[in-house]
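Visitor: Got a structure here, written out as structure tokens. Questions coming.
The values are calculated or read from the model by the stated rules, or taken from the named source; none is laboratory data. This is a predicted model, so every value here is computed, not measured. Methodologically, a virtual Cβ is constructed for each residue, glycine included, from the backbone with ideal geometry; neighbour enumeration extends over all protein chains shown.
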Amino acid sequence: MEQSRAEPSGGTGISPRSRLRLSIGRHPGDLGKLGVVAGLLVLSALLALVPTNPVEIAVHQQLIAFPGVADPFWVALTWLGSWAGIAGVVLLTLYLGWIRVALLCGGAGAVTWCVALLMHQLLGRPDGYPFPADEVALVAVLVVVAAPYFGRVARYLGWALVLLTGVAVVHLDLHLPLGAVGGALLGWGVGLLTHLVWGAPGRKVSELIIFDELEQAGLAPVSITALRHRLLQPRELAVTTADGSPLRVKVVRRLSRRAGGWYKLKRLLMMLDVQDEPSLSTPHHEVEHEAYAALLAARAGVRTPEVVLACDVTYAPAVLVVREVPGRRLTELAPEEVDDALLAGVWEQVALLAQARIAHHDLRAKNILVDDQGRPWVLSFTFSHPGADEARCAQDLAEALVSMAALVGVERAVSTAIAALPVDSLGAALNSLVPLSLPRRIRTQAQRGRYFLAELRETLADRLSLPIPGFRSPVRPTTVIGLVLIGAAVYLLIPELANTRDVIGALRGAHWGWMFLAVVTGFAGVLLSSISVQGSSRIPLPFWRTLQVQIAAAFTGRTTPGGAGFFGINVVFLERLGLRRPLAVGVTLLNQAGTGAVAFVVAVVGVFAVGLSGTFSNLTLPGWQLVVASIGVVLVGVLVLFSPPGRRRLLPSVQEVSRDMLDTLRHPVRSLQLIGGALGYLVVSGIGMAASLAALYPLDFSWTAVTIVFVVGNTLGHLVPSPGGLGAVEAVLLAGLGAMGIPPTEAIAAVLLSRLLTYWLPVLPGILMFRYLQHHQVI
């Protein structure tokens, strides 16, 4: 903790130029920008070494064709990117009294000019044009170095000048467009490096500037103390005033709350009840929003520190000033100090927020202050939403439940909440106690155990005599984008391995009867999958409901990486049937392990059996390399399993699944359902692939071999964490069919047709079934 003191200046204040000097510093963000600029400059330099792109030539010719009447203007612009331009900027800044700016501009300009000449010597383009454009580089570096001292308007005008200089050097046939781009990157990079070495305005939060701003606002500060802070979080300052009342200043340099298009898309895909979040444009806007929400909360009776000032500061970030309340954060209290009376007081504040229709959305324990009288105060309304509807207030209560349960345990948090809050409010919050509904800042508090959220959800549901909340859509933006991109790559680029026109022709001439059989096998595989799930459970599962859930899992499981949606939907289904979370997870893990074990055995036995028959005539396997790789994989798996994180997280699950597998094998009916269902799913799906091949390849081939190829490809391909093993499964299947001697055109067409009819087609009814089961509260 560092403290700085200043005497009142009699109301005269600090001059704008002094404020600017006080704000000079270095910022880590400049280092990140420098890395990006350096990478782009290297990329453009590599592109300069290859023959000129036709598009670049076309742009060059169009710019050269500009009317010659404006040539004097373009020539004058190039002078700015010379020693004349550097000298002019230096003389102008010296005349204005900016000696520091003059020295930095002169030094940075000289360095940029030298680097540009060196790159001209090293990067001789094949077409004879120098790279990069030194004129553009000099203008860019002068703009980057000088703009922070003259404000935002100067920065915009400066970059417009850089753009015009780039057009000028291309129009006058001095450089190609890539050279102009490289010059701008070079100047930008040297300018950023100058800021990192010597500092720049706006990079430092000066306590003297904040002190002067408070003094001009009539708050009569006496001393100011900088409190310890994290890098990306707002800074906090403690201020003592002449009348003895302490203040707390929050300095907001960057937006903590972001609600752009990506955030909205994420909520749209993750949540069933979509509620848009208003965006905040600037840190000043965020400060005003927090002050407004805090004032509304105080008027509603919520204990929150009094807002004294919210303003934007010249040459400093926006600040929020509140009266400091003596006390400690809830996270700083010893466990014995957090009694039921204090928890009741917290729930009272949460209830007052809901009555005022204010969703705090950051009710973490660290944002609850306990004063000297043991009363809780609510802090930090950065993420709040005044005028919230019932759904937002319910989510706010769910976040508070997670925070309090992480602090004092599930039983105490639930008991005190039920005693202090209406049952209807707690029932509404129950639906938001799932990971997809909780922000990351709330979820990180729940790292107390593997089933913490599930235990909280089940305990609250039991106390309220309500059902377990349903399964939320597992589709995330990354899933959708990844599925589309990988799918486009697979189903558009794979045909390029053969003649694309021949592949399309083979698909058009496919036999409809065999295609219908392939579709039937796809849905039959879902039926057999539901049978294997029944065999994984110790309690009897209703057949039709289980089948319906597996139809829905064709949507949730095949569109999520690693089949996470299959796991989640089955766990929630089993919870709704009365199984506790650990048992439900165990059933699902047992099903996955059983299916994997059956697939492994079938793959190993089938490959050797079919291989002895000579079917894989084109198959070549490395000898000792394969053995070494297999041993390496086994050793890595053993090391991971018995490492400290593995013993803590993986080994208990492996032991639990192994015990469940042995117990299942002792029951003939369950073992037949589990193993038979898994085996049936693999065989039927393999027959679907063989039917797809028969629809395109009327000659004789081994259906058994194609089934074995499918089992191997499906098993290995799904080890890749892409939705549905997309890309990896297709690659292994193509390799297997090629080893059988199937021509490339027919193999590619068969793989694409099989995956479409037997794997992706059931996703469509799965979507409808998913919504149906949600509507009937089955999941």
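Visitor: If you go through the range 748-779, how many residues are in a helix (DSSP H, G or I), in contact (Cβ under 8 Å) with a residue 24 or more places away in the chain and either surrounded by 16 or more Cβ atoms within 10 Å (Cβ to Cβ) or in contact with a helix residue (DSSP H, G or I) (Cβ under 7 Å, 6 or more places away or on another chain) (or both)?
Guide: Here the count works out to 20.
Visitor: Something else: Out of the residues in the range 504-542 that are in a helix (DSSP H, G or I) and modelled with pLDDT under 80, which is nearest to A678 (Cα to Cα)?
Guide: L507
Visitor: Hey, among A58, A70, A76, A65, which residue is aliphatic (A, V, I, L, M), at pLDDT 85 or above and at negative phi?
Guide: None of the others qualify; the one that does is A76.
Visitor: Working carefully through the options A310, A359, find the one that is without any contact (Cβ under 8 Å) to a residue 40 or more places away in the chain, touching a His at 6+ places or on another chain (Cβ under 7 Å) and surrounded by 19 or more Cβ atoms within 10 Å (Cβ to Cβ).
Guide: The match here is A359.
Visitor: Name the residues in the range 337-372 that are assigned to a loop (DSSP other than H, G, I, E, B), closer than 24 Å to E324 by Cβ and within 34 Å of the chain's Cα centre (by Cα), would you?
Guide: A356, H360, H361, D362, L363, R364
Visitor: Which helices (runs of 4 or more DSSP H) does the range 36-106 wholly contain that include 2 or more residues that are of a type in the set (S, T, Y) and assigned by TED's automatic domain parsing to the domain that holds A137?
Guide: Here the list reads 83-95.
Visitor: Right, another one. Which condition does A316 not pass, out of (1) assigned by TED's automatic domain parsing to the domain that holds D212; (2) buried (at least 22 other Cβ atoms within 10 Å of the Cβ); (3) touching a Cys at 6+ places or on another chain (Cβ under 8 Å), if it passes all the others?
Guide: With respect to (1) assigned by TED's automatic domain parsing to the domain that holds D212; (2) buried (at least 22 other Cβ atoms within 10 Å of the Cβ); (3) touching a Cys at 6+ places or on another chain (Cβ under 8 Å), A316 is out only on (3).
Visitor: Same structure, new question: Got at least one residue in the range 137-156 being surrounded by fewer than 19 Cβ atoms within 10 Å (Cβ to Cβ) and either among the aromatic types (F, W, Y) or outside the structural domain of L43 (by TED's automatic domain parsing) (or both)?
Guide: Taking every residue of the range 137-156 in turn, at least one turns out to be surrounded by fewer than 19 Cβ atoms within 10 Å (Cβ to Cβ) and either among the aromatic types (F, W, Y) or outside the structural domain of L43 (by TED's automatic domain parsing) (or both).
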